[in-house]
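Engineer: Please read through the structure below; I'll follow up with questions.
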Amino acid sequence: MNHKIENKKQRCQSLKVQTITYSGTRDFVHVYLDPPIWDYVPGQFVMFRPGSWSNDPVWPRPFSICEKTDDALRLFIQVVGRGTKLISCLRPGEDVDIWGPLGNGFSLKNDESVLILAGGMGIAPFVGLCKTHKNPGNINLLFGHRAPLSSYPYDELPENMSKEAMQQKSMEDLNEFQLVLKQKIQDFASKGRILACGPSSFLRAIQKYCLEYKADAWLSLENKMACGVGACLGCVARTTDDEYVQTCTCVPVFSADKVFL
Amino acid sequence: MDFRVDLGGLKLTNPIMTASGTFGYGLEFKPYGNLEELGAIVVKGLSLRPRQGNPMPRIVETPCGMLNAIGLQNIGVEKFLLEKLPLLPWKTTPVVVNLYAQSAEEFSDLTRVLSSEEGVGALEVNISCPNVKEGGLQFGQDPQAAFKVVNMLKKHAGSKPVIVKLSPNVADIKVIAKTVESAGADIISLINTIGGMAVDIHTRKPCITNVFGGLSGPAIKPVALKMVYEVCKTVKIPVIGLGGISNTQDILEFILVGASAVQIGTASFTRPDKVFTLVKDLRVKVEELGIKSWDEFRGSLRLG
Ligand SMILES: Cc1cc2nc3c(=O)[nH]c(=O)nc-3n(C[C@H](O)[C@H](O)[C@H](O)COP(=O)(O)OP(=O)(O)OC[C@H]3O[C@@H](n4cnc5c(N)ncnc54)[C@H](O)[C@@H]3O)c2cc1C
Ligand SMILES: Cc1cc2nc3c(=O)[nH]c(=O)nc-3n(C[C@H](O)[C@H](O)[C@H](O)COP(=O)(O)O)c2cc1C
Ligand code: FES
């Protein structure tokens, strides 16, 4: 299968929360919702706004689509502030306004090898990608994380893909991780496509190495978003053509040589 | 009930319009509803030439609202007319072009370009943007400057109705309203965003690079309602009310104090099909309250 970038028709629906589960602490939340009517490409995201929010918080929150099956839409969310805290307290049966699928998603071919670089919550979009990939043997994943590995959906990734996780608790860990990142990118640059998602400092390091080794790399950005549909111009990123483009519609997945982070 | 509204030359099938800058160029919302059902589509503020806008971050969420300092990023009037307008249903739904310029001359050039365009239903002049260095607000705060701009715009606007959008960031909104009416404005819309600020005590930096931004959303509704009420009492031309509207009750409140139509702004961020739902829900609400006609209900606030 070829994950082509298609302009799938977006929809806004009220979906019911099926269950909420926690991995490790209550700061890592899996939200399962009734399945929406659309299909998606990994790397795409949804806007999420519980009906109970009424006038506050005003904005919806963007989340990568972690996985979508016939039974449920699944999001993997870390509690980092007020909105995500409220989301972690949702109960089964509550309505959430969901619009998507948004953004362009990752483009990759099943018969080519791919290097996936995920930092922390950046693992979310890759869960669905890896689980639906026809040739998991072609996937190489390097996962950098701070919280214990059990907080993340790492173990459920296919057995037959190659994966490696590194925890960073100190500056030394971080430096070591950067060296491994650099080495991986150097080794892989000529072999296939690199996909990356994670915090901006992580993406900046990757961008640097990818430019250095001329790798074909795609970065998934996480800018603040208000509308998710390209209307507010609050989420823009500056491209190397010196244009401000909306990360919510034109991306969030960007070619590493085309964007300033 | 007859839902139509006539704003002196600008005819709407219902009183619900979108607010500039919160509905893109309209096309962004096509997947979420039928644009033909809206009263009017007001597009993002356009300038003569494309503008990049302010550096990031440009937006921050605040209690019941948000601050923005987009800085009028837009594709420029030419590209809009070529690439966006033809795709909008302007034959059934008036497309209102919101415009911004840094000088009276630029305003007149823009107006000339737009006045001959069949697909443009009306012009909305933004003399109230708080987020740009030149132009914008200074026209909106100084009655004499406002008079000059509006007067000149009217000269070049031909048959297009001119809506003047007022800033709440003034000492007395009634003075400016009266001035733009006497300068020939066909319609007044208000309010634009209220100047505001947010800072981060951890980084000790402002939350938006521009430092100041414009506050919008439910938080500003009481301020907007008061100003719309005051302006409706002051001028004879039709008034479009906006600021913090998020449901049908809010819409009717603005009409009750005298507005002829309303615009929906930040609420479109809470759900992209919001404005379409409001059009449907308003019919139900009006029925429920037994409102007979807009003429009967508009400005029928009982005092004392
Ligand atoms: C396309 C996209 C996909 C995302 N996917 C996921 C995901 O799968 N899982 C997940 O847990 N999070 C994801 N995020 C980040 C998530 O949207 C934010 O963590 C969330 O909006 C924070 O809301 P809050 O009210 O809890 O935090 P706030 O109170 O708004 O902010 C708390 C902290 O979070 C940071 N923050 C706020 N918004 C964002 C944002 N949009 N991106 C990054 N940091 C932010 C703030 O700077 C602050 O430090 C994604 C963001 C984007 C743009
Ligand atoms: C992100 C954003 C961009 C805006 N851009 C414009 C603009 O280009 N021109 C303009 O006249 N008003 C602009 N506004 C102001 C709105 O049209 C409206 O006056 C204001 O938001 C108050 O209404 P609300 O509370 O319903 O949002 C913008 C508002 C927001 C939130
Ligand atoms: S979030 Fe509004 S334009 Fe991207």
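Engineer: Using alpha carbon centroids, what distance separates region B:285-303 and region B:83-103, in Å?
Structural biologist: Each part's Cα centre sits 31 Å from the other's.
Engineer: Compute the distance in nm between two label points, each set 7 Å from the Cα along the Cα-to-Cβ direction, one at B:Asn151 and one at A:Ile37.
Structural biologist: With each label point 7 Å from Cα toward Cβ, the separation is 5.6 nm.
Engineer: May I ask for the distance between the Cα centers of region B:257-278 and region A:115-175, given as a whole number of Å?
Structural biologist: With region B:257-278 and region A:115-175 each reduced to a Cα centre, they are spaced 43 Å.
Engineer: Straight-line reach only, C-alpha to C-alpha below 12 angstrom: list the aspartates and glutamates that B:Lys292 could link to, leaving out same-chain residues fewer than 8 apart.
Structural biologist: Reachable aspartates and glutamates: B:Asp2.
Engineer: If you don't mind, another one. State the Kirkwood hydrodynamic radius of region A:188-250 in Å, one decimal place, computed from all pairs of distinct Cα atoms.
Structural biologist: Result for region A:188-250, one decimal place: 12.9 Å.
Engineer: Also, I was wondering about something else. Translational diffusion coefficient of the protein assembly as shown at 37 °C, 0.692 mPa s, Stokes-Einstein with Kirkwood Rh over Cα pairs, in µm²/s as a whole number.
Structural biologist: So the translational diffusion coefficient is about 132 µm²/s.
Engineer: When the gyration tensor of region B:4-97 is built from Cα positions, what are the square roots of 5 times its three eigenvalues, in whole Å, from largest to smallest?
Structural biologist: Three semi-axes, in Å: 25, 18, 12.
Engineer: Also: Based on DSSP H runs of at least 4 residues, each adding -39500 (n - 2.57), what is the mean residue ellipticity at 222 nm of chain B after dividing by all its residues, to the nearest 500 deg cm²/dmol?
Structural biologist: -8500 deg cm²/dmol
Engineer: Another question, then. Among all stretches of chain A without exposed trypsin sites (Lys or Arg not before Pro) (DSSP loop, at most 11 other Cβ atoms within 10 Å), which one is longest?
Structural biologist: It runs A:10-133.
Engineer: In 10 Å bins starting at 0, how do the alpha-carbon pair distances of region B:235-285 split up by percent?
Structural biologist: Answer for region B:235-285: a P(r) of 26, 55, 17, 2 percent.
Engineer: If you don't mind, another one. Give the whole-number value, in cubic angstrom per residue, of the convex hull volume spanned by the C-alpha atoms of chain A.
Structural biologist: 123
Engineer: Sticking with this structure for a sec: What is the projected area of the convex hull of the Cα atoms of region B:151-304, averaged over all directions, in nm²?
Structural biologist: Averaged projected hull area, Cα only: 12.4 nm².
Engineer: With the radius of gyration and the Kirkwood radius both derived from the Cα set of region A:113-220, what is their ratio Rg to Rh?
Structural biologist: 0.93
Engineer: So if the hydrodynamic radius of region B:116-225 is defined as the Kirkwood radius over C-alpha pairs, what does Stokes-Einstein give as its diffusion coefficient at 25 °C and 0.890 mPa s, in µm² per second?
Structural biologist: My calculation gives 162 µm²/s for D.
Engineer: For the pair A:Ser190 and B:Thr203, how long in nm is the line joining their label points, each one 7 Å along Cα→Cβ?
Structural biologist: 4.1
Engineer: Among A:Lys134/A:Lys191; A:Lys224/B:Lys178; A:Lys131/B:Lys274, which pairs are too far apart, with a Cα-Cα distance over 28 Å?
Structural biologist: Violating the 28 Å limit, Cα to Cα: A:Lys224/B:Lys178; A:Lys131/B:Lys274.
Engineer: A 29 angstrom limit on the alpha carbon distance is what I want to check against. Which of B:Lys84/B:Lys155; B:Lys30/B:Lys79; B:Lys30/B:Lys236 exceed it?
Structural biologist: Correct reply: B:Lys30/B:Lys236.
Engineer: If amide H atoms are built 1.01 Å from N in the plane of the peptide, which residues on other chains or at least 5 residues away come under 5 Å of the amide H of B:Ala259?
Structural biologist: Long-range HN contacts for B:Ala259: B:Gly299.
Engineer: Right, another one. With N set to the number of residues, divide the alpha-carbon radius of gyration of chain B by 2.2 N^0.38 Å and report two decimals.
Structural biologist: 0.93
Engineer: Would you kindly derive the ³J(HN,Hα) couplings of region A:204-215 from the backbone phi angles with the Karplus curve 6.51 cos²θ - 1.76 cosθ + 1.60 (θ = phi - 60°), listing them in order in whole Hz, with x for Gly and Pro?
Structural biologist: Once θ is set to phi - 60°, the couplings for region A:204-215 become 4, 4, 4, 4, 4, 5, 5, 5, 4, 9, 6, 7 Hz.
Engineer: Still on this structure, please answer the following. Translational diffusion coefficient, Stokes-Einstein: compute it for region A:11-102 using the Kirkwood radius over C-alpha pairs as Rh, at 37 °C and 0.692 mPa s, and state it as an integer in µm² s⁻¹.
Structural biologist: In µm²/s, the coefficient is 252.
Engineer: Right, next: Taking chain B as a Gaussian network, where each spring joins two C-alpha atoms under 10 Å apart, which residue of B:Cys232, B:Cys207, B:Cys64 fluctuates the most?
Structural biologist: Its mean-square fluctuation being the largest, the pick is B:Cys64.
Engineer: If we count every other residue with Cβ under 15 angstrom of B:Cys207's Cβ, Lys/Arg +1 and Asp/Glu -1, where does the sum land?
Structural biologist: Computed value for this residue: +3.
Values quoted throughout were computed directly from the atomic coordinates according to the rules given, and no laboratory measurement underlies them. Note that this is a predicted model, so its numbers are computed, not measured. Because the Cβ atoms are built from the backbone with ideal geometry, glycine has one as well, and the counts that use them run over all protein chains shown.
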